[in-house]
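The values are calculated or read from the model by the stated rules, or taken from the named source; none is laboratory data. Remember, it's a predicted structure, so these values are computed and weren't measured experimentally. Glycine also receives a Cβ, built like all others from the backbone with ideal geometry; neighbour counts cover every protein chain displayed.
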Amino acid sequence: MSVTLLDLTERLVPISDFSQGKAGKIFNDVAENDNEYIILKNNQPTAVLLSVKEYREIQEKSAKLEDLLEKIENIKLLKLAESRSSEQTDEHTTSFETFVQEQGYSMEELEDISESVEFE
């Protein structure tokens with residue numbers, strides 16, 4: 001729903017209007033014309049009044065957007081995983097055996113150490 005500045009100012013409603021018998025007119029306008037109102041309390045916007053139809057449309061769009069964002073994130077992660085798996089020869093990837101040797105141990109020493117460790 002596209003709203004002009006004039007429409008917006010007409011849709012600003014002080015909360016006191018609801019206690020002055022104008023609530024019925026406002027609710028009818030929302031229900032029949034799908035108009036939205038911004039409720040003001042102490043001259044500050046505090047709530048938005050919109051039709052159930054508009055609310056449902058917003059909820060559906062929000063759910064679709066969340067699904068789309070999740071799919072985009074999954075695609076990014078998949079591409080990252082694919083790029084990392086294709087970089088097996090890259091300097092950032094090291095086998096476990098090479099890592100152990102770089103730390104100054106042999107696989108046999110590591111096995112001996114692991115046998116002496118007890119888990120509770």
Considering only residues that are touching a residue at least 12 places away in the same chain (Cβ under 8 Å), farther than 11 Å from Ile15 by Cβ and either touching a Leu at 6+ places or on another chain (Cβ under 7 Å) or not aliphatic (A, V, I, L, M) (or both), which ones fall in region 46-69? Ser51, Lys53, Glu54
Neighbours by Cβ (under 6 Å, 6+ apart or cross-chain): first from region 99-111, in contact (Cβ under 8 Å) with a residue 12 or more places away in the chain; second part of a helix (DSSP H, G or I) and surrounded by 11 or more Cβ atoms within 10 Å (Cβ to Cβ): none
So, restricting to helices (runs of 4 or more DSSP H) that lie completely within region 1-95, which ones have at least 1 residues that are at pLDDT 90 or above and touching a strand residue (DSSP E or B) at 6+ places or on another chain (Cβ under 8 Å)? 23-33
With the first residue restricted to region 13-38 and required to be farther than 22 Å from Ile58 by Cβ and in contact (Cβ under 8 Å) with a residue 60 or more places away in the chain, and the second required to be among the small types (Gly, Ala, Ser) and part of a helix (DSSP H, G or I), Cβ contacts under 8 Å at 6 or more apart or on different chains are none
Determine whether Leu80 is touching a residue at least 24 places away in the same chain (Cβ under 8 Å) and not hydroxyl-bearing (Ser, Thr, Tyr). no
For the structure I just gave you, tell me whether Lys64 is of a type outside the set (S, T, N, Q) and either exposed (fewer than 10 other Cβ atoms within 10 Å of the Cβ) or more than 26 Å from the chain's Cα centre (by Cα) (or both). no
